[in-house]
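Remarks on the structure that follows.
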Amino acid sequence: MSSAPDTHAGRMVRLLIVDDSNIVRRRIERSQHFDDLEVVGTAANGIEALELARRTDPDLVTMDLTMPQMDGIECITQLVRMKPEVRILVISALADKATAVEAMERGANGFLSKPFTDRQLNEAIAELMY
Amino acid sequence: MLREEELKTFVDGTTRYFEVAAQQPATIGSPYLLEGEPAIQDYTGLISISGKREGVVYFTAPRAMLTVLLMKMQESDFSHESMRDLVGEVANTISGNARRDFGHDFVISVPSVFSGEKPQIPNPPGARAFVIPIHWRSHSAKLVVSLT
């Protein structure tokens, strides 16, 4: 998984990680195995995520849904409005189909249920990178 | 009121969490009805449930178990804050996964976390609290499910 993506013309893909758990944020950062992926920021809620997205201009965002202050669904809505080309992978414990459908309707591009393996995480990221 | 057959959702969720996140299965004991004071251990992560059902789901575990769980997750931070983060995340994951069976109207809160103090655990009228014993390696924890 180390070849440069054609879709990003050989440059690093910029990843923003959003989750209210430090452990999950570190886990995603540590477990992604892409040489052409650069973590540009981590946020613990939707408000922090939007602020960081303005400053760091991510190509890809992993997004938790259940978070304090601003939840993931609202954050997806505002993020897509701000940056329509961003790719969003929802990573959430909310495992029902209706939640996945709602997230997709708001603009998410993929959905991964917690708990997840490293392999599942990397496959889900790869689907949105390439 | 929570039916005994509905407990399977939480037993399965707990089993899945340890298999996937800890990469080592836990043994789940027979659930039993909680009577009297809740059995609280060093750290407790509590999720409030609203919507179609009301109540709480909480995961309570000893520090030693959480330390090993963090090690299995390749974590190097074993601080008090990491322990609090982990119990909250376990409770959140198991409760969120329950929406597979309980549906979209099973609304879960962000976790409240307790450590070192006796938590005030709400008990809605008509709810029955079941304890699901969790044995993992040499440690024991509990998931308590109390729902209308």
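List of remarks:
- Residue in region B:23-76 that is farthest from the other protein chains (Cβ to nearest Cβ), counting only those that are under 19 Å from B:G116 (Cβ atoms) and of a type in the set (D, E, K, R): B:E37
- Residue in region B:79-95 that is farthest from the chain's Cα centre (by Cα), counting only those that are within 11 Å of chain A (Cβ to nearest Cβ) and free of Cβ contacts under 8 Å to residues at least 40 places away in the same chain: B:S79
- In region B:138-148, the residues that are in contact (Cβ under 8 Å) with a residue 24 or more places away in the chain and either in a loop (DSSP other than H, G, I, E, B) or among the acidic types (D, E) (or both): B:T148
- Lone unmet requirement of (1) modelled with pLDDT of 95 or more; (2) surrounded by fewer than 16 Cβ atoms within 10 Å (Cβ to Cβ) for A:S3: (1)
- Here B:P125, B:P62 are screened, and the one residue that is modelled with pLDDT under 95 and under 30 Å from B:E4 (Cβ atoms) is B:P125.
- Selected residue (criterion: least open to solvent (accessible area, probe 1.4 Å)) from residues of region B:9-27 that are within 17 Å of B:P62 (Cβ to Cβ) and of a type in the set (A, V, I, L, M): B:A22
- Region A:11-24, subset within 14 Å of another protein chain (Cβ to nearest Cβ) and open to solvent by 30 Å² or more (accessible area, probe 1.4 Å), residue farthest from B:A91 (Cα to Cα): A:N22
- All positions within region A:38-91 that are of a type in the set (D, E) and assigned to a helix (DSSP H, G or I): A:E48, A:E51, A:E74
- Summed over region B:29-54, the residues that are open to solvent by less than 40 Å² (accessible area, probe 1.4 Å) and at pLDDT 95 or above give a count of 7.
- Within region A:86-130, the only residue that satisfies the criterion of being farther than 22 Å from A:P68 by Cβ, among the β-branched types (V, I, T) and touching a residue at least 60 places away in the same chain (Cβ under 8 Å) is A:I125.
- Taking the criterion of being facing another protein chain (nearest Cβ under 7 Å) and under 16 Å from the mean Cα position of the chain (by Cα), the residues of region B:96-117 that qualify are B:G96, B:N97, B:R99, B:I108, B:V110.
- When the residues of region A:91-119 are filtered to those that are facing chain B (nearest Cβ under 10 Å) and among the basic types (K, R), the one that is surrounded by the most Cβ atoms within 10 Å (Cβ to Cβ) is A:K114.
- Residue that is farther than 24 Å from B:P111 by Cβ, open to solvent by 50 Å² or more (accessible area, probe 1.4 Å) and over 12 Å from the mean Cα position of the chain (by Cα), where the choices are A:E48, A:E123: A:E123
The values are calculated or read from the model by the stated rules, or taken from the named source; none is laboratory data. What you see is a predicted model; the values in this text were computed from it and never measured. All Cβ positions, even for glycine, are placed from backbone atoms using ideal geometry, and neighbour counts span all protein chains on display. In case anyone asks, the SASA skips ligands and DNA or RNA and just uses the protein heavy atoms, side chains included. Shrake-Rupley method; radii C 1.70, N 1.55, O 1.52, S 1.80 Å.
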